[in-house]
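The structure under discussion appears below in the form of structure tokens.
The values are calculated or read from the model by the stated rules, or taken from the named source; none is laboratory data. Computed from a prediction, not measured in an experiment: that's the story for all the values here. With ideal geometry, Cβ positions are generated from the backbone for all residues, glycine too; neighbour counts draw on all protein chains shown. Accessible surface is based on the protein model in full, side chains and every heavy atom, while ligands, DNA and RNA are left aside. Shrake-Rupley method; radii C 1.70, N 1.55, O 1.52, S 1.80 Å.
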Amino acid sequence: MEKRPDDYVIRLFDTPGDIPRAAWNDLLDLQGLSSPFMHHEYLAALHDSGSARPETGWTPQYLTLWRGATLHAACPLYLKDHSYGEYVFDWAWANAYEQHGLPYYPKGLVAVPFTPVPGPRLLARDAGSRAALVRALLDHCRQEQLSSLHLLFLSDDDAAACEAEGLLARETVQFHWLNRHPVSRDRFSNWDDFLASLSQDKRKKIRQERRKVADAGVRFRIAEGAAISAEDWAFFYRCYARTYREHGNAPYLTPGFFARMATDLPQHWAMFTAEHSGRPIACSLVGVGDGVAYGRYWGALARVDCLHFEACYYQPLAWCIERGITRFEGGAQGEHKMARALMPVRTRSAHWLAHPSFSDAVERFLAREGEGVAQYLEHLERRSPFRAGMPP
């Protein structure tokens, strides 16, 4: 499909694999960030593995802007017939539509499936092409008669471009850890240096939790990049799938997706495997890119008190300190992360609703919600885990 607004040719792709990989990744490189999650390889693996495709409620309509053979802007656009796997919740909006006899699905979504990691979603060569991309998205949603458009976990540039085009802004809260001493702003030199920055009760709690895991005889093995073996990946998937099913859910991601990560993006992963008596019992997987680590998935085949905290926080944080990694992002939600020195940060999304009355109602709702988020952040800041007198 081709159209010509703003002197660009618009092309829609129903599979990310049809977009030239080099063109997409070159555009991503211009954004100045290199987490694995917007790489062509990552997005193509989600589709090709059957994890995110029409049969699972994710219909790709990747929207791209071209001039000649040059890709100027692009985004991962999906038509969604549900709201699962997004982490910015609009269930109440969908219910309100249904109660008034209006269809909410399909809706438009610009996001990385199952991935609540902030970053660029509107890949663009400059501010002008980014603005043109937002306008093209809105035009497409109107022409397809979609109820709404949602852009999730945006970069600051993306959020500003959406606001300039009249989309509604929304903020949510995540918890991130910084490898930075609250006073000196230097990186932590070692684990004890990090613990010394915390209040006494937090230090005591962390030491107690780690001691429980160590006293249970659990040891960890860390593998990075190409050193993660096929057996490691297979064991990880067993843990990941079992933990999802124990919570009554089918796993979002298929074995084929992780197989593609092992072959196509191995440099962007670190795996933390818990072993007892020489046998693996649990595993966590962390994404890596541009000096940032991203806590992503975990699972266990055995129950050990505090093993989740050790596998998902303490081992990765100690590894970040050793590697000089500047930030660890803990994923969606979770006030409990503050006890491990992951501090609250704002994340941004943008929304457009076609129905004027519902758009007005959502705008009022977001204004109230925004006030609540600001108060929530103030409340959390007062609960800083750092020693008295230290800034968060």
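One table, with the values for the structure above:
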{"read-out": "Rounded D (µm²/s) - the stretch 119-194, Kirkwood Rh over Cα pairs, Stokes-Einstein at 10 °C, 1.306 mPa s", "value": "104"}
{"read-out": "Calculated P(r) tail over 12 Å for the stretch 336-388, as whole % of Cα pairs", "value": "73"}
{"read-out": "For the chain, size of Cβ-based charge dipole, Lys and Arg +1, Asp and Glu -1, in debye", "value": "1300"}
{"read-out": "Unit charges on C-beta of K, R, D, E only; dipole of the stretch 300-392, Debye", "value": "220"}
{"read-out": "For the stretch 237-257 versus the stretch 145-218, the gap between their alpha-carbon centres in whole angstrom", "value": "25"}
{"read-out": "Kyte-Doolittle mean at least -0.5, axial Cα span of 30 Å or more - DSSP H helices of the chain", "value": "356-381"}
{"read-out": "Whole-number D in µm² s⁻¹ for the stretch 138-232, Kirkwood Cα-pair radius fed into Stokes-Einstein, 20 °C, 1.002 mPa s", "value": "112"}
{"read-out": "Gained length - E163 relative to Q267, 0.36 nm times residue gap less alpha-carbon distance", "value": "33.9 nm"}
{"read-out": "Cα centroid separation - the stretch 124-139 against the stretch 304-321, whole Å", "value": "41"}
{"read-out": "Protection-proxy order for peptides 191-201, 86-96, each taking the mean of Cβ atoms within 10 Å per residue, highest first", "value": "86-96, 191-201"}
{"read-out": "Under-5 Å amide H pairs with Q61, H placed in peptide plane, nonlocal only", "value": "L77, Y78, L79"}
{"read-out": "Solvent-accessible heavy-atom area per residue, rounded to whole Å², over the chain at 1.4 Å", "value": "43"}
{"read-out": "The chain - mean residue ellipticity at 222 nm from DSSP helices (-39,500 (n - 2.57) per run, n ≥ 4, rounded to 500)", "value": "-11000 deg cm²/dmol"}
{"read-out": "Whole-Hz ³J(HN,Hα) from phi, Karplus 6.51 cos²θ - 1.76 cosθ + 1.60, for the stretch 331-347, glycine and proline x", "value": "x, 7, 6, x, 4, 4, 5, 5, 5, 9, 6, 8, 9, x, 9, 7, 10"}
{"read-out": "Hydrodynamic radius by Kirkwood, which averages 1/r over all alpha carbon pairs of the chain, in angstrom", "value": "22.3"}
{"read-out": "Gyration tensor over alpha-carbon atoms, the stretch 1-158, equivalent ellipsoid semi-axes in Å", "value": "24, 18, 15"}
{"read-out": "Within the stretch 243-369: Cβ-based charge dipole about Cα centre, in debye rounded to nearest 20 (Lys, Arg +1; Asp, Glu -1)", "value": "20"}
{"read-out": "Reciprocal of mean inverse Cα separation for the stretch 45-92 (Kirkwood radius, Å)", "value": "12.5"}
{"read-out": "Shape box of the stretch 286-344 [Cα atoms, principal axes, largest first, Å]", "value": "34, 22, 17"}
{"read-out": "Where labels lie 7 Å past Cα in the beta-carbon direction, separation of E98 and S357 in nm", "value": "2.0"}
{"read-out": "Cα-based Kirkwood hydrodynamic radius, the stretch 204-326, one decimal, Å", "value": "14.7"}
{"read-out": "q = 0.12, 0.14, 0.15, 0.19 Å⁻¹: log10 I(q)/I(0) that the Debye formula gives for the stretch 74-219, counting C-alpha atoms only", "value": "-0.70, -0.80, -0.84, -1.10"}
{"read-out": "Diffusion coefficient, µm² s⁻¹, Stokes-Einstein with Kirkwood Rh over alpha-carbon pairs of the stretch 283-392 at 20 °C and 1.002 mPa s", "value": "128"}
{"read-out": "Portion, in percent, of the accessible area of the chain that falls on carbon or sulfur, probe 1.4 Å", "value": "49"}
